[in-house]
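Only the coordinates and a few stated rules stand behind these numbers; no lab work does. Remember, it's a predicted structure, so these values are computed and weren't measured experimentally. Positions of Cβ are generated from backbone atoms using ideal geometry, with glycine treated the same way; all protein chains shown enter the neighbour counts.
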Amino acid sequence: MKQNFDRIVGGYLKFRNKYVLGDRSIMEDLADYGQKPQVMVVACCDSRVDPALVMQCHPGELFVVRNLANIVPPYQKDGAIHGVSAALEFGVRFLQVKHLILLGHSQCGGIQSLVQEAGADHNDFIDRWVSIIKSCRADAITADECARSALHHSYENALSFPWIKEKVESGELLLHRWFFDIKTGIILSYQEDQQAYIPLTQDGQV
Ligand SMILES: [Zn+2]
């Protein structure tokens with residue numbers, strides 16, 4: 001346990017050496033000129049699915065919001081507090097990202113709890129949160145199928161935000177559904193024209 005923690009602290013020191021110290025400080029530029037990420041990602045909290053690591057990004061490249069089972073909730077301007085929606089608004093309206101990636105993954109614990117449906121009240125917050133995408137259970141046999149189906153649900157929810165829909169329709173924003181397989185490391189991208197998930201290639205990024 002301590003070794004693990006020491007490694008994390010060591011990682012921080014490496015980060016400072018690489019990105020902060022020296023003449024060409026990336027962080028100094030980002031502080032002076034602000035962030036201008038082109039890509040926003042909605043990802044799961046899962047420790048195996050860190051978007052910046054999977055896509056080998058540098059600081060300033062990805063604007064990320066993570067939540068259990070990478071869910072986009074529907075647009076609800078109802079006076080309640082909406083953390084994911086606030087992040088979407090900041091990324092899409094104010095940072096004006098060009099790509100919004102909904103990044104699902106295999107073996108998702110949040111999706112598994114939805115599929116197994118262990119019953120109400122066995123946890124404080126999880127069941128209620130993942131119930132946003134409960135319709136994905138209907139057309140899925142396995143948890144991974146449910147996770148891929150849930151991406152469609154989140155996709156539709158994303159389009160319920162008027163400023164996302166407007167930018168997608170005008171071509172200013174590209175909305176992607178990606179599914180990361182933990183064991184193989186392969187990302188599958190949903191192709192609307194084929195109505196199927198196919199392995200992501202350089203061409204498939206746009
Ligand atoms: Zn997950």
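Here are a few things to note about the model shown:
- Cα-Cα over 21 Å, subset of 98/165; 36/77; 36/98; 2/183; 134/165; 77/167: 36/77; 2/183; 134/165
- Each of 18, 2 was scored by other Cβ atoms within 10 Å of its Cβ. Arranged with the fewest first, they read 2, 18.
- Near the amide H of residue 66, within less than 5 Å, lie the amide hydrogens of 43, all on another chain or at least 5 residues away, with H placed in the peptide plane.
- Working note: 222 nm ellipticity from helices only, DSSP H runs with n ≥ 4, each -39,500 (n - 2.57), summed and divided by the residues of the chain, gives -10000 deg cm²/dmol to the nearest 500.
- As a proxy for reagent exposure, 78, 6, 144, 181 were ordered by neighbouring Cβ count within 10 angstrom, fewest first; the result is 78, 6, 181, 144.
- Measuring max minus min along each principal axis, the C-alpha atoms of the stretch 103-163 give extents of 37, 24, 19 Å (largest first).
- Dipole check for the chain: with +1 at the C-beta of Lys and Arg, -1 at the C-beta of Asp and Glu, and the Cα centre as origin, the magnitude is about 500 Debye.
- Folded to 0 to 90 degrees: helix 2-15 orientation relative to the chain principal axis, Cα: 60 degrees
- Look at the alpha carbon pairs under 8 Å that are at least 6 residues apart: their mean separation over the length of the chain gives a relative contact order of 19 percent.
- Hull volume in cubic angstrom per residue (convex hull over the Cα atoms of the chain): 165 Å³
- Panel values: the stretch 1-117, Kirkwood radius from alpha carbon pairs, Stokes-Einstein at 20 °C and 1.002 mPa s, translational diffusion coefficient 130 µm²/s.
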